[in-house]
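Here's the structure we're looking at; comments come further down.
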Amino acid sequence: MTSNDNERSTTDDRCRIITTVADIRTITDSARAGGESVGFVPTMGYLHDGHASLIRAAREANDLVVASIFVNPLQFAPDEDLDAYPKDLDRDRYIATEAGVDVLFVPPVEEMYPHGAVLTSVSVAELSAKWDGETRPTHFTGVATVVSKLFNIIGSCSAYFGEKDFQQLAIIRRAVADLSMPVNVVGCPIVREPDGLAMSSRNIYLSPEDRVAAVVLSRALAAGADAVQAGTSDPTEVEAAMTEVFSAEPRARLDYAAVVDPESLDRPERLGTTTQLLVAAYLGSTRLIDNRTVKVF
């Protein structure tokens, strides 16, 4: 065993792994009974610096920090390879511990869905039907269902999500509001690679050539932001500026480049004081998303 392995083993001892609903409820209920606040970071694992930033935000504001790792089958369509989703629990535990997690909740599928088929689902109408929802029509129902279930398991807490998945964040916020869940949803800034690519567990699927080309997403968003700051109030012009950047990158296949209202996710007739730019594109077989908030004063 190397010195790094020794360091990792010692550090990981600070983070408990819990696999059952009953045990994690006991931990979070006990914390709240003792007057402690609970910060919660739900993930699908294969953690990176973006996840770590969410954990650090939770650590700064809460007494007990819980992160979950659960690759949720409900949000994968039949043609999406659930089994191929990357997994590395030892690595995840190390990253989570270094960022400040106290407890990792890592339930098996049979613990989360003990009856097999799931007959109850949570669907956020309208917000789920557009943009990513058009490409992945069952995805957001799966997300809203598992997140609602996790919130019911963890209980009253502050929950931390990255703003990279902007549509997902809007859907979760609306579900929490509509269903009066005792959860404070906290959106955290996108963490990017030095060249501007938004960090994502899916980046591992990119070939070296596609990885280089993937910066087209952030460059397109920058072009859209420049158009807004230059004074245009026409969403069509902003979308055209983003699309033009994609047209110059032959390795990228554009799904959409959109200007939306940050709450309704609808395309406005004219730009408001706050505008959300959304892009999605395929690099090879890997689909990536990104977004940027632009404020006009």
Taking 0.36 nm per residue of separation between ALA125 and ALA248 and subtracting their Cα-Cα distance, the length gained on full extension comes to 40.7 nm
Here, ASP63 and THR274, labelled 7 Å along Cα→Cβ, have an inter-label distance in nm of 3.1 nm
The stretch 226-256 scanned against label point 7 Å out from GLU209 along Cα→C-beta; backbone N under 12 Å for 250-252
Looking only at lysines whose Cα falls under 26 Å of LYS130's and that sit 8 or more positions away or on another chain, we get LYS149, LYS164, LYS295
Percent relative contact order for the stretch 3-188, counting Cα pairs under 8 Å at least six residues apart, stands at 28 percent
Listed with the fewest Cβ neighbours within 10 Å leading, ASP165, ASP63, ASP92, ASP81 appear as ASP81, ASP63, ASP165, ASP92
When ASP195, ASP255 are ranked with the fewest other C-beta atoms within 10 Å first, the list becomes ASP195, ASP255
Summing -39500 (n - 2.57) over every DSSP H run of at least 4 in the chain, dividing by its residue total and rounding to the nearest 500, the 222 nm mean residue ellipticity is -12000 deg cm²/dmol
1/(1 + (r/R0)^6) with r = Cβ-Cβ of ALA117 and ASP178, R0 = 25 Å, i.e. FRET efficiency to nearest 0.05, evaluates to 0.50
In the list (1) 54, 48, 40; (2) 48, 42, 40; (3) 60, 42, 34, the entry giving Cα extents along the principal axes in Å computed from the coordinates is (1)
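Laboratory data are not the source of any read-out in this text; all were calculated from the coordinates shown. None of the values given here were measured: they were computed from a predicted structure. FYI the Cβ positions are ideal-geometry reconstructions off the backbone, even for glycines, and counts take in every protein chain you see.
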